[in-house]
Amino acid sequence: MATYLEPGWSTSAPGMGLSRPNRKDWERLAPERWTAEGSAVRQGLVRSMELMVREIGAVVALLVVALCALVFLEIVDEVVEGETETVDRQIVVALRTGDGNDPLGPKWLEMTAADITALGSTSVLVLVVAFVAGLFTMLSRRREAFLLVVAAAGGTALSNGLKALFDRERPEAALRAVEVMNPSFPSGHAMLSAVVFLTIGVLSAHFAQRTRVKVYVVAAAITAALLIGLTRVYLGVHWPSDVLAGWSLGAAWALACWLAARAIELRWRTSATEGRERAAGPRRPGSRAPSPRAGPP
């Protein structure tokens, strides 16, 4: 006849008697331990999912950087070969009235476009970077503040360098509604607004808790950069290819700076963890890890 034993019971020779479970056996079967182990498993799964989401986000950002860089290089190739001149001129002229430099639409629309395009000027963006970096610093987000300043300064230097390199002529004065001075390609307003506002949006989404807040700040940043770029064409101070190049390069630069900062932060965290483990010393053989309830989740 087969004998079925509950966990923790055992047979003892020679009389095949049953021995009662010891204290360790009861502790192993205690529901409290099951609950603690289940909680540890759930916490591990949550951490794994969060890490996977972060890695997916980094991969998507890297793909966007590569795509934007390819778009910029393609535009550069077409501009250098003169393949965009016809389309550029057709679009700018189509937005003008018979008076030449007067844009289509009522006067208030032109004034609104001039106000919006001013948001991408150097003076306004410097103020935005200074105020937001100061806010990040007061919120103990010094790395984010430093990244914003570096991204904006690097984007400005890159924009000015490319303008001097290509030295492309802007639309003639008869088509321009406002006065401008420096070369045309790429659009500095479109590029720097993309750099500054996208960097602010991505950084804000990084430490925001709610998903709708993340979506809102990134969508607001993209909308601002798009509106500023569109007003440059509407006011006749840039060719459409200038604005497209500025958008693509600005987005690539902003996301590349974020990826670089993220890689540095992960490296710093890994080094800090390894340092704590070395300071704690090797675990003695036979010792058990602390209970999941012993520390904070």
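The values are calculated or read from the model by the stated rules, or taken from the named source; none is laboratory data. Bear in mind the structure is a predicted one, so any value in this text is a computation, not a measurement. Protein only, heavy atoms only, side chains kept; ligands, DNA and RNA dropped before computing areas. Shrake-Rupley method; radii C 1.70, N 1.55, O 1.52, S 1.80 Å.
One table, with the values for the structure above:
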quantity: Accessible surface, per residue, of region 105-256 when the full set of protein chains is kept, probe 1.4 Å, Å²; calculated: 48 Å²
quantity: Sequence-separation-based contact order of region 119-220, relative, with Cα cut under 8 Å and 6+ spacing, percent; calculated: 28 percent
quantity: Stretch gain in nm, segment residue 208-residue 267, where the contour uses 0.36 nm per residue and the Cα spacing is subtracted; calculated: 19.0 nm
quantity: Percent accessible area from carbon and sulfur atoms, region 113-209, protein chains only, probe 1.4 Å; calculated: 67 percent
quantity: List 234, 216, ordered by accessible area with a 1.4 Å probe, largest first; calculated: 216, 234
quantity: Under-5 Å amide H pairs with residue 168, H placed in peptide plane, nonlocal only; calculated: 184, 185
